[in-house]
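Here the structure comes first, spelled out in structure tokens, and everything after it is commentary.
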Amino acid sequence: MSGAGAPDKKPFDASGLKVAVVAASWHEAVMDGLLAGARRALVEHRVTDALEVRVPGTFELPVLAQALAEQGYDAVVALGVVIRGGTPHFEYVCSAATDGLTRVALDHVVAVGFGVLTCDTEEQALDRAGRPSSREDKGFEATAAAIETARTLRAVRGEASVDRGA
């Protein structure tokens, strides 16, 4: 399991941030868990300006993330899941989503939370989806990471101070 070594971060007040969550629609049970985790992170960080958008699949995440970055969102969280099958489709979709979301972050200098699960089986995805029986909550983690990165970007730009104790 990949969750070992995660930092112990405490939520902070991010009410001044504008955050968008873009979620794929494939694998409904996994996506419901990821979205629930993202929503918990938004609440725990007191984000009041949040938008949730759905797209057909993981491949479509980068284009929506880019459109939202262009609209001035401080953070964009991308949630999706790709489960390996018997064809190279898995590699193509995973690579396209990763490369596209990285481009959005760098081209727009915006925090992008990477909540795309790339798993061999549906069971592995469910175990990371933040459901009651899951061992990890990647929707929460990706959202919290994006919020923290957005706060740090604001500080680097001189727009706000950073609380290094959080």
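Bear in mind that the values in this text are calculations on the coordinates, not laboratory data. On a predicted model such as this, the values are computed, not experimentally measured, just so you know. Here Cβ is always computed from backbone atoms with ideal geometry, including for glycine, and neighbour counts include all displayed protein chains.
What base-10 log of the normalised intensity I(q)/I(0) is obtained for the chain from the Debye formula, alpha carbons as equal point scatterers, at q = 0.14, 0.20 Å⁻¹?
Debye output, listed in q order: -0.67, -1.31.
Starting from 0.36 nm per residue, how many nanometres of slack lie between residue 70 and residue 122 once their C-alpha separation is accounted for?
15.4 nm
Calculate the spin-label point distance for residue 8 paired with residue 89, positioning each point 7 Å from the Cα along the beta-carbon direction, and give it in nanometres.
4.3 nm
Where does each of 77, 30 land when they are ranked from fewest to most other beta-carbon atoms within 10 angstrom?
Taking fewest neighbouring Cβ atoms as first place, the list is 30, 77.
Which residues in region 130-157 place their backbone N less than 14 Å from a point set 7 Å from the Cα of residue 29 along the Cα-to-Cβ direction?
130-135
Using Cα-Cα distances under 8 Å and only pairs 6 or more residues apart, what relative contact order does region 15-93 have, in percent?
Once divided by the residue count of region 15-93, the mean separation gives 44 percent.
Would you please report the Å³ per residue occupied by the convex hull of the alpha carbon atoms in region 11-84?
78 Å³
Expressed as a whole number of Å, what is the distance separating the alpha-carbon centroids of region 102-130 and region 45-95?
8 Å
For q values of 0.13, 0.21, 0.26 Å⁻¹, compute log₁₀ I(q)/I(0) with the Debye formula on a Cα-only model of region 70-139, without solvent.
For region 70-139, the Cα-only Debye profile gives -0.44, -0.91, -1.09.
Placing unit charges on C-beta atoms (Lys and Arg positive, Asp and Glu negative, everything else neutral), compute the dipole magnitude of region 97-143 about its Cα centre in debye, rounded to 20.
Dipole about the Cα centre, nearest 20: 140 debye.
Which order do 95, 133 fall in if you start with the one that has the fewest other Cβ atoms within 10 Å?
133, 95
Fewest Cβ neighbours within 10 Å first, please rank 83, 147 accordingly.
Least to most surrounded, the residues fall as 83, 147.
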